[in-house]
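To keep things clear, I will list the structure first and then write my remarks on it.
Please treat every number below as a calculation from the coordinates, not as lab data. Predicted model only: the values in this text are computed from it and were never measured.
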Amino acid sequence: MKNYIIYFPAFVFILFSLTSCGDRGPTGPEGPQGPPGPEILPVSFEFNATLNQQNEFQHFQEIPSQIEVLEQDVMLAFILEDYIPEDDLEVWRKLPITEFNSQGTLLIDYDFTLIDVRIFLDANYNLGANDGFEDVLIRAVHIPADFAAKSQKVDTFLSVETFNELEQLLGVEVKRLN
């Protein structure tokens, strides 16, 4: 009986070695396609900005926490330029906007980071009290990089002038957070 106990581990080892050797069987059929992963769609948010001497002609707006901005993403900003009540139509104009006046050239522009959007004035002259804007409505649009890459229209984002043109270019309705 002692001989069997001594040789038992060796017998098990040989048995497993023999069963794991050899050719692999044929590959089975491929399973069905799984559901697609979530697609992150463009989203917009609106805020009022005042640009005057007290805030050095700039407004910082924190990006809502529901929006995760990555370094590769695109952010566009539009200003509400007009409202046509008989058609209930808002006219949005993409920033930057260049205005010419008697003192020179005034630029309303924007930039963004991963956490905020900055709307600011820039001019080729010293800005004064008459150059400010009060409570302008801004719509910022976050376009995720993977969505932009799928649309294969990344270069054309810069040529878009209105919010409606942007939605047509993207082929989706941009969801508003507020």
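Pull up all non-local amide H partners of F57: gap of 5 or more, or a different chain, and H-to-H distance under 5 Å with H placed in the peptide plane.
N52
From the C-alpha coordinates alone, can you work out the Kirkwood hydrodynamic radius of the stretch 25-85, in Å? Walk me through the numbers on the way to the answer.
Details: mean 1/r = 0.0586 Å⁻¹.
That comes to 17.1 Å for the stretch 25-85.
Please state, rounded to one decimal and in Å, the Kirkwood hydrodynamic radius that the stretch 43-176 gives when every pair of distinct Cα atoms enters the mean of 1/r. Could you put the intermediate results ahead of the total?
Working: mean 1/r = 0.0631 Å⁻¹.
That comes to 15.8 Å for the stretch 43-176.
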